[in-house]
């Protein structure tokens, strides 16, 4: 699987409340609406300018903070296909995979890639191609790749169970 997109570059320790502001956690539940608030406190231009296929490149500890999946979902629904970082908060990494967003750890590539350039990620060959050259990253396991390639854990399980043609059940929260 090859991902190609324009780069948005950010620094170290970008937490989940900066990725998706906590003030919207219980009031904005539609993923397409959540996308409109992606990174608004860090980069107010992001949500209005991000394009399908774009890629985030970041420093160390991307996604630290809470375990809220909105911090992944808002980026996915904004069109981001991958995040390349020096390191990820553990739970953010897994939430990204489970939601079909490719998390790639590759510090040398982060240092070399420039904001705004177009890069290519080959998930199968585990290499990043950018203006500065070719960078290898640790291969994602076959099971993680399968989840990412099908768009997330739920779509992958629905495909395995043969239920992808059925409508998704409505999920209700608390006391109903």
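Mind giving me the FRET efficiency for residue 90 and residue 165? R0 is 30 Å, r the Cβ-Cβ distance, nearest 0.05 is fine.
0.30
Given R₀ = 22 Å, FRET efficiency for residue 24-residue 107 by Cβ-Cβ distance, to 0.05?
0.10
Rounded to a whole number, what is D in µm²/s for the chain from Stokes-Einstein with the Kirkwood radius over alpha-carbon pairs (10 °C, 1.306 mPa s)?
96 µm²/s
Past the 14 angstrom mark, what percentage of all C-alpha to C-alpha distances in the stretch 47-100 do you count?
49 percent
Neighbour counts of other C-beta atoms within 10 Å: give me 8, 62 arranged from fewest to most.
Fewest-to-most Cβ neighbours within 10 Å comes out as 8, 62.
So for the chain: antiparallel DSSP bridges make up what percent, rounded to the nearest 5?
DSSP beta bridges in the chain are roughly 50 percent antiparallel.
Simple spin-label model, 7 Å along Cα-to-Cβ: residue 45 to residue 118 in nm?
According to this spin-label approximation, the distance is 1.9 nm.
Note down the nm distance, to one decimal, between modelled labels 7 Å out along Cα→Cβ at residue 143 and at residue 125.
Distance between the two pseudo-spin positions: 2.8 nm.
Can you put 67, 143 in order, fewest other beta carbons within 10 Å first?
The most exposed by this proxy come first: 143, 67.
Relative contact order of the stretch 76-153: what whole-number percent is it, with Cα pairs under 8 angstrom and at least 6 residues apart?
31 percent
Can you compute log10 of I(q)/I(0) for the stretch 71-159 with the Debye formula, treating each Cα as one identical point scatterer, at q = 0.11, 0.21, 0.25 Å⁻¹?
-0.29, -1.05, -1.36
We did not get these values from a lab; they are worked out from the coordinates using the rules stated. As the structure is a computational prediction, the values presented were derived from the model and not from experiment. Cβ: placed from backbone, ideal geometry, glycine included. Neighbour counts: every protein chain shown.
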